[in-house]
Every structure is written in C-alpha cells, then in structure tokens.
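Structure first, then comments.
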Amino acid sequence: MREREPSHEPIKVFTDEELVEIAVNHAAEAHRYIGHATARMIAAALHGGLSTALYSFASTGMIEKPSILHELSAKANLDDEQIQRWSHSLAEYVLLHGDRGPAEGWSKVWLKGSL
C-alpha cells in the first residue's frame, strides 16, 4: 500500500471576524438562531467597555436582557451593515435565552476554525 503524499497547500485559518460572519450567515440561511460561541464573540467585538452589559455577557455569559438590548439598539443604528447584522443576531439570541446569571464554562466557549 502506498502512503499518501502530504499536502503542501497552506491551511486557511480564519480570523475571529471571519468566523463570526460565517456563523451569522449560516444561521440566517438556515433560519435559525446563532449559537453560544457566536453570541459571545459578537458581544466581545461590540462591547463598549468593562462596565457594559455586553462586556459582562462576553466574559461571564450573564444576560441582562434590557441592558444588552439597549446597548445593541445603539449599535444597530450605526451605518456599518455588518455591525447591524451582528447586533440583530445577538438581540435575537438574547430574546430567546432571556435573563440569566453567569454560565459555567463560558470562558471556553469560542468559535475555532480552519480549512
């Protein structure tokens, strides 16, 4: 039996932004909500500082629904179409899951990907 030649093609490693964009697009195409990792990464990208509900969600998984939705509404009014899509996707996630305390193991929730 012959051994396969190793592939010399470079591996495409996606940036966090690319991973989020892919996940948001896949969720939209499948008419479903984004997952936990995508939600966390969006919050990490969009938060406005350490004292924000988005930061708290990104770091602990805690959902303070009114505060997060308020912060996202401000982001949704920006001219950046990507930020608008991400804000909308995260708002849907927050509405689906509602208020909750910190999530155990949240620090390990992150999208990873390469081709």
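Give the range of the longest stretch in the chain that excludes all GluC sites (Glu not before Pro) found in loop regions by DSSP and having at most 13 other beta-carbon atoms within 10 Å. Answer from the scan: 4-103. Largest mean-square fluctuation among ALA27, ALA58, ALA91, in a Gaussian network model of the chain whose springs join Cα atoms under 10 Å apart, belongs to ALA27.
Here the Gaussian network model covers the chain, with springs between Cα atoms less than 10 Å apart; of VAL13, VAL94, VAL24, VAL13 fluctuates the most. Computed across the chain, the Kirkwood hydrodynamic radius from all distinct Cα-Cα pairs reaches 15.2 Å.
Given their separation in residues at 0.36 nm each and the Cα-Cα distance between them, ILE11 and LEU96 gain 27.0 nm when the chain is fully extended. Between SER56, SER67, SER87, the residue with the greatest mean-square fluctuation in the GNM of the chain (Cα pairs under 10 Å linked by springs) is SER67.
Only the coordinates and a few stated rules stand behind these numbers; no lab work does. Source: prediction; values computed, not measured. Because the Cβ atoms are built from the backbone with ideal geometry, glycine has one as well, and the counts that use them run over all protein chains shown.
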